[in-house]
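The values are calculated or read from the model by the stated rules, or taken from the named source; none is laboratory data. All figures in this text were calculated on a predicted structure; none of them were measured in a lab. Reconstructed Cβ throughout: ideal geometry from the backbone, glycine too, with neighbour counts over all protein chains shown. Quick note on the areas: whole protein, heavy atoms, side chains included, nothing else; ligands and nucleic acids left out. Shrake-Rupley method; radii C 1.70, N 1.55, O 1.52, S 1.80 Å.
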Amino acid sequence: MTTSQTSVSHPAEYTELLGRLATVHDLHAASAVLGWDQMTYLPAGAGGPRGRHLATLTRLAHEHFTDDRIGVLLDSLGPFESSLPSDSDEASLLRIARQDYRRAVRVPGSFMATFAEHQSASYQAWAVARPANDWEAVTPILERTVDLSREYAGFFPRTAHLADVFVDEAEPGLDVASVRELFSSLRARLVPMVRQIIAQPRPDDTFLTRAYPVDTQWQFGEMVARKLGYDFERGRQDRAPHPFTTSFSRNDVRITTRLSETDLRFGLFATMHEAGHGMYEQGVAPGLDGTLLGSGASSGVHESQSRLWENVVGRSRGFWKWGYSRLQSTFPGQLGDVTADQFYRAINRVEPSLIRVEADEMTYNLHIMMRFDFELALLDGSLRVTDLPEAWNARFKDDLGITPPSNQDGCMQDVHWFASPIAGQFQGYTIGNVLSAQCFDRACEVHPSIPTEIESGEFGTLLSWLQTNLHALGRKYDVNDTIVRATGRALTIEPYLDYLRDKFGDLYDLS
Ligand code: ZN
């Protein structure tokens, strides 16, 4: 590991620890390649063997990481760690390694393998059942996921809520109570704005659902991702039914997108979103690559980067001042009769909708908050899996005024509960939304030229500010510490609410 403190001489134990952690990292990276393949190109019949491959690698990684020798090395390196500044790469690595190790040794490797195999089978079952709207097929699988998630939580000391361990894993330093507090203050301000907006006439967006050839969409999306700063020399884009980003190293960060011939929004914004995740991973400091610190700080912080590029930049007037003439000349038949202002209003149209990934910026967080509440209820047993569809539809009606016509577009729509534990999966999206505005605000405070640069298709100042102040930190710090270091203040909803009020106040009447 090369660091900013190159003068630090490493004890032999530290070098040995790095070597052992590198092995664990490589096994995880190999799992991630198989996971990427499973979500993109795996032939339908190859599901069983793939689940076994993943289970084997997960078990091996877990066994190597929980080896007693790692505990001995971590103990013996205590004095070395105390002799270093706590923000040095070495001290941070030891701190995070100790935290991960203490967590991992609580969980038997056999359980990790069982869970990995179950997740793989669960994902494959969902991929078949969702298009068929076959809720019965996935009910027992989801029940098993809930049981396994509870069993996992049971390996840890009892906390205020069973889901605390999952929230802390996704968002280090946060817990159920802190997320609830954030969500309730946001919800109190958001719901009145949403009600005001949806009572108003909606702008026309029918031209977004004309026929858009997917190959041309693909080329336009790649051009935009490249322009934003996603490095195709250290990554690639592929198609996936549920877009995601995965990283095996800062030099190999894969993004995916999905394209619809009849909706321009899907591919365009999914590409910008995933490019945002991708640029974060590509921007981790080179010295952290291949270590426990060589990835993003948390799912919420990660999501702040995808949201920043997708929404704060990608759905702004300024961006389309640069981009619209390019898009229009790419699709002259479809957009020739549409002005830039009409296009801007259409891509920011607010409307209660069934599908989270298609939701507008205003209603999106309501989708997240309901999922967060359902996760807690499923995990603590106050909601049974068999009652989920009914509870889902009732909450949907309350929050968004519409009832899903099917489970396919209701409680089965997201991959998360079918590829991960039942809790800790969704809060990051709203934390990310909140933080995207906070980051952009701070970047513009330091570089007031950013909004004008965006209007001329220049994104380098913004990206390099993000790289220096956030991306480079990798996973050295917990969520709060990362946010304070990057933006100079703790997580706050104010910049996000200001952003929403300014933007949607201009589009709609918000008294
Ligand atoms: Zn994302």
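How large is the convex hull of the C-alpha atoms of the range 221-270 per residue, in Å³?
Considering the Cα atoms of the range 221-270, their hull volume per residue is 69 Å³.
Just want the answer: with Cβ charges of +1 for Lys and Arg and -1 for Asp and Glu, which residue in Leu21, Ala377, Ser304 is farthest toward the dipole's positive end in the chain?
Ser304
Set Lys and Arg Cβ to +1 and Asp and Glu Cβ to -1, take the dipole of the chain about its Cα centre, and tell me which of Ser247, Leu491, Ser260 lies farthest positive.
Ser260
State the percentage of accessible surface on the chain attributable to carbon and sulfur atoms; use a 1.4 Å probe and exclude ligands, DNA and RNA.
Within the chain, the accessible surface is 51 percent carbon and sulfur.
Just tell me, in residue order, which DSSP H segments of the chain are both 18 angstrom or longer along the helix axis (alpha-carbon based) and at least -0.5 in mean Kyte-Doolittle hydropathy.
Taking the DSSP H segments of the chain (at least 18 Å long, mean hydropathy at least -0.5), we get 12-40, 109-129, 135-154, 176-198, 214-228, 264-282, 361-380, 427-446.
Between Ala472 and Ala44, what is the label-point separation in nm under the 7 Å Cα-to-beta-carbon projection?
Placing both labels 7 Å along Cα→Cβ, they lie 5.0 nm apart.
Kirkwood Rh, the range 12-132, all Cα pairs: how many Å?
Radius from the Kirkwood sum: 16.1 Å.
Which percent, nearest 5, of DSSP beta bridges in the chain are antiparallel?
50
Could you work out how far the C-alpha centroid of the range 422-441 sits from that of the range 212-289, in angstrom?
First find each Cα centre; the distance between them is then 19 Å.
How many Å³ per residue does the convex hull of the Cα positions in the chain occupy?
144
Estimate the FRET efficiency between Ser110 and Ala137 by the formula 1/(1 + (r/R0)^6), using the beta-carbon distance for r and 25 Å for R0, to the nearest 0.05.
0.40
When ligands, DNA and RNA are left out and all protein chains stay put, how many square angstrom of accessible area per residue does the range 176-505 have with a 1.4 Å probe?
Accessible surface, normalised per residue, equals 35 Å².
Excluding same-chain residues fewer than 8 positions from Lys503, which lysines have a Cα within less than 22 Å of its Cα?
Here the lysines satisfying the reach criterion relative to Lys503 are Lys321.
Calculate for the chain the 222 nm mean residue ellipticity that helices alone would give, adding -39,500 (n - 2.57) per DSSP H run of length 4 or more and normalising by residue count, nearest 500 deg cm²/dmol.
Here the helix-only value at 222 nm equals -19500 deg cm²/dmol.
Trp218 versus Asp398, label points 7 Å from Cα toward the beta carbon: distance in nm?
Reported label-point gap for Trp218 and Asp398 is 4.5 nm.
May I ask you to derive the FRET efficiency for Asp502 and Glu458 from their Cβ-Cβ distance with R0 = 22 Å, giving the value to the nearest 0.05?
0.50
Give me the number: length gained by fully extending Arg236 to Asp373, i.e. 0.36 nm times residue separation minus the C-alpha to C-alpha distance, one decimal in nm.
Separation in residues times 0.36 nm, less the Cα-Cα distance, equals 45.8 nm.
Sort largest first and round to whole Å: the equivalent ellipsoid semi-axes of the range 187-337, each the square root of five times a Cα gyration tensor eigenvalue.
Taking √(5λ) for each Cα gyration eigenvalue gives 29, 21, 13 Å.
Based on Cβ point charges of +1 for Lys and Arg and -1 for Asp and Glu, what charge dipole magnitude is obtained for the chain about its Cα centre, in debye rounded to the nearest 20?
Roughly 280 debye, rounded to the nearest 20.
Rounded to the nearest 0.05, what FRET efficiency do Thr262 and Ser184 have when you use their Cβ-Cβ distance and R0 = 30 Å?
With a Förster radius of 30 Å, E is 0.20.
Can you give the net charge of the other residues whose Cβ lies under 13 Å from the Cβ of Glu358, counting K and R as +1 and D and E as -1?
With Lys, Arg at +1 and Asp, Glu at -1, the net is -4.
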